[in-house]
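So the structure is just underneath, and the comments pick up after that.
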Amino acid sequence: MKFKAIVFDLDGVICFTDEYHYRAWKVLADKLNTPFDRTINNRLRGVSRMASLEIILEKYTGPALTQEDKERFAAEKNDIYRESLKEMSPADLSDEVKNTLDLLRSRGLLLTIGSSSKNTPFILHQIGLDGYFDAISDGNNITHSKPDPEVFLKAAEFAHVDPADCLVVEDAVSGAEAGHRAGMKVACLGDASLNKAGDWNLSSFAELADIPELN
Ligand code: B16
Ligand code: MG
């Protein structure tokens, strides 16, 4: 076995909150009379809340917004988003993901989280994974969001392992880039896998267990 730890991205890997993000940003974009669709939403994967707002504002043509206005809009989006997260429950954690996590842990691997989301503790609580991971690095302990490697380097530090001993699992191209910049190998799912951004480009979470370096 080559790797000692796995750093999982949260949204798009362990669970799926992109529809909730989309609906909440849509309310804001409509309010600002700014076009926003699922193609733009796709660019928000792994990107921090404020950086996401900047992407949405690329097409904004209304009166100039101050930093204070932007922070208010981002907070408003987050309030709407958190309301929808209340609908999440342990049923939103698939058997495939839970069984694969348990299998990887039984092989002696450390399981950690590396997410841009400041809502990570709330989401993990909602899906029944409170206290499950050996270390959590998230939007609350970083100053630079993916593709900066900070979130993954912090996950390795919190788990007391060298970055070179970690495998990142990501669904976002920006997240895969962050993993590589952290000196880690990357296994991709979803959008990042379609874009061949990883060292392994998987079609299902369960395929992680077949990676030779995790055996
Ligand atoms: P929040 P990940 C990311 O989570 C999401 O993919 C991205 O869409 C979101 O903007 C970002 O978290 C920040 O989330 O507003 O909850 O702090 O994919 O890195 O787990
Ligand atoms: Mg993600």
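Results for (1) in contact with a Phe, Trp or Tyr (Cβ under 7 Å, 6 or more places away or on another chain); (2) at pLDDT 95 or above, shown as yes or no for each residue.
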| position | (1), (2) |
| --- | --- |
| Ala159 | no, yes |
| Asp162 | no, yes |
| Gly175 | no, yes |
| Ala178 | yes, yes |
| Arg181 | no, yes |
| Lys185 | no, yes |
| Asp191 | no, no |
| Leu202 | no, yes |
| Glu213 | yes, yes |
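Right, Gly114: within 21 Å of Phe205 (Cα to Cα), small (Gly, Ala, Ser) and either touching a strand residue (DSSP E or B) at 6+ places or on another chain (Cβ under 9 Å) or within 16 Å of ligand 2 (Cβ to nearest atom) (or both) or not? Criteria met by Gly114. Any residue that is surrounded by 13 or more Cβ atoms within 10 Å (Cβ to Cβ), under 21 Å from the mean Cα position of the chain (by Cα), more than 16 Å from ligand 2 (Cβ to nearest atom) and in a helix (DSSP H, G or I) - is there at least one of those in the range 87-96? For the range 87-96, residues surrounded by 13 or more Cβ atoms within 10 Å (Cβ to Cβ), under 21 Å from the mean Cα position of the chain (by Cα), more than 16 Å from ligand 2 (Cβ to nearest atom) and in a helix (DSSP H, G or I): absent. Strands (runs of 3 or more DSSP E) fully within the range 111-215 that include at least 3 residues being of a type outside the set (Ser, Thr, Tyr): 166-170, 185-188.
Among residues of the range 109-132 that are among the basic types (Lys, Arg), those with a beta-carbon under 7 Å from a residue that is within 15 Å of ligand 2 (Cβ to nearest atom) and part of a loop (DSSP other than H, G, I, E, B) at least six positions away or on a different chain give the pairs Lys118/Asp138; Lys118/Gly139.
To keep it simple, each residue is scored yes or no on (1) of a type in the set (Asp, Glu); (2) away from ligand 1 (no atom under 11 Å from the Cβ).
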{"residue": "Lys118", "(1), (2)": "no, no"}
{"residue": "Glu157", "(1), (2)": "yes, yes"}
{"residue": "Asp171", "(1), (2)": "yes, no"}
{"residue": "Asp191", "(1), (2)": "yes, no"}
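Among the criteria (1) surrounded by 15 or more Cβ atoms within 10 Å (Cβ to Cβ); (2) within 24 Å of Glu177 (Cα to Cα); (3) in contact (Cβ under 8 Å) with a residue 40 or more places away in the chain, the one Ile40 does not fulfil is (3).
On the stretch given as the range 111-132, residues that are under 20 Å from Asp165 (Cα atoms) and buried (at least 22 other Cβ atoms within 10 Å of the Cβ) total 4.
The values are calculated or read from the model by the stated rules, or taken from the named source; none is laboratory data. Owing to the predicted nature of the structure, the values given are computational and were not obtained by experimental measurement. Cβ atoms come from the backbone with ideal geometry, glycine included; neighbour counts cover every protein chain shown.
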